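Everything on this sheet refers to the single structure shown next.
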Amino acid sequence: MQLKEALAAALRGARAHQGLSYDELAGATHRTYVGMLEQARANPTLEKLDEIAEYLGLDLLTMVTLALAAQGNEPPSNVLQRTALRVREFEATGGWQLVEEQFSGGKLIKRSQGKPKQPLNAESVRALKAQGLDKKTIAERLGLARSTVQKYWNT
């Protein structure tokens, strides 16, 4: 099942649980948009989904959890347990610290335009080159495009 369809089911169920009609949900968004979402004909932004969830007495995480549970045909509590485990792993391996470093004074730090640089890729290419591997082998081993390996080859 597509995530869009699972979200449609979750929205229908949450709206029915609250006993709300399309018109009554219009406090969060336009009635026809609710219909499009519930027919899996539209993809909401996170901000819009958050507004709809709040109007339904839920929050964004709960709404996404319900959709993922519907998609995987499993209880929402299982989805949350798996998510909690992944979040703990993400924190334990330093991922959350990297997210926090993206802010300064509560504002997102601007980055230069273009693709972000991948210093680990450059280091890995140089290390494998020092071991005598050729560009093709390095690209395959690291899962990089040959052009990326070429870019880091002489740095």
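Within the bounds of the range 77-94, is there any residue that is at pLDDT 95 or above and under 12 Å from A10 (Cβ atoms)?
Within the range 77-94 (the criterion being at pLDDT 95 or above and under 12 Å from A10 (Cβ atoms)), the answer is yes, since at least one residue qualifies.
Which residues, counting only those in the range 31-67, are among the polar types (S, T, N, Q) and modelled with pLDDT under 90?
Of everything in the range 31-67, just one residue is among the polar types (S, T, N, Q) and modelled with pLDDT under 90, namely T32.
Has the range 12-29 got any residue that is assigned to a helix (DSSP H, G or I) and either among the aromatic types (F, W, Y) or closer than 28 Å to G95 by Cα (or both)?
No, because not a single residue in the range 12-29 is assigned to a helix (DSSP H, G or I) and either among the aromatic types (F, W, Y) or closer than 28 Å to G95 by Cα (or both).
Is one or more of the residues making up the range 4-20 at pLDDT below 90 and more than 20 Å from the chain's Cα centre (by Cα)?
yes
The values are calculated or read from the model by the stated rules, or taken from the named source; none is laboratory data. Keep in mind that what you see is a predicted model, and the values were worked out from it rather than measured. Neighbour counts are summed over all protein chains in view; Cβ atoms, including those assigned to glycine, are modelled from backbone coordinates with ideal geometry.
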